[in-house]
Amino acid sequence: MSDLHGRMAPRVRELTSAVVARCAAEIPFYRELPPETLRGEVTRSVSAVLAILLRTLRRPDAVGPADLTRIIEWSGRGPRSGCRWRRR
């Protein structure tokens with residue numbers, strides 16, 4: 001287990017909240033989303049990506065192509081037109 005993994009793992013909730021808050025503060029698309037979407041789908045996506053990062057830090061071979069595909073899908077989801085997230 002890497003030192004970074006050891007420091008990050010206990011702080012996942014805090015880090016997730018910080019990432020979501022910063023996105024909402026600095027990125028217009030996220031700022032315009034309803035609070036329940038930020039607390040729900042966006043928070044779940046950020047948490048899932050951090051979980052994949054932690055798995056990679058713990059064991060570099062633990063992440064496979066399907067994990068990377070999910071990250072790419074989540075990354076492109078918000079900016080695409082027709083996404084499920086509703087703006088306020």
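The values are calculated or read from the model by the stated rules, or taken from the named source; none is laboratory data. Since we're looking at a predicted model, the values are computed, not measured. Cβ coordinates were reconstructed from backbone atoms using ideal geometry, including for glycine residues, and neighbour counts include every protein chain displayed.
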Just give me the residues in segment 54-71 being of a type outside the set (D, E, K, R) and out of contact with any helix residue (DSSP H, G or I) (no Cβ under 8 Å at 6 or more places or on another chain), in sequence order.
PRO60, GLY64, PRO65, ALA66, LEU68, THR69
Test for GLY78: is it closer than 20 Å to ALA25 by Cβ, surrounded by 12 or more Cβ atoms within 10 Å (Cβ to Cβ) and modelled with pLDDT under 70:
yes
Is it the case that ALA62 is at pLDDT 85 or above, aliphatic (A, V, I, L, M) and loosely packed, with under 15 Cβ neighbours inside 10 Å?
no
Where VAL19 falls short, out of the listed (1) over 10 Å from the mean Cα position of the chain (by Cα); (2) in contact (Cβ under 8 Å) with a residue 12 or more places away in the chain:
(1)
All but one of (1) of a type outside the set (A, V, I, L, M); (2) over 18 Å from ALA25 (Cα atoms); (3) at pLDDT 85 or above hold for THR69; state the number of the condition that does not hold.
(3)
Single residue of segment 35-59 satisfying the filter (touching a Ser or Thr at 6+ places or on another chain (Cβ under 7 Å) and among the polar types (S, T, N, Q)) that is modelled with the lowest pLDDT
SER47
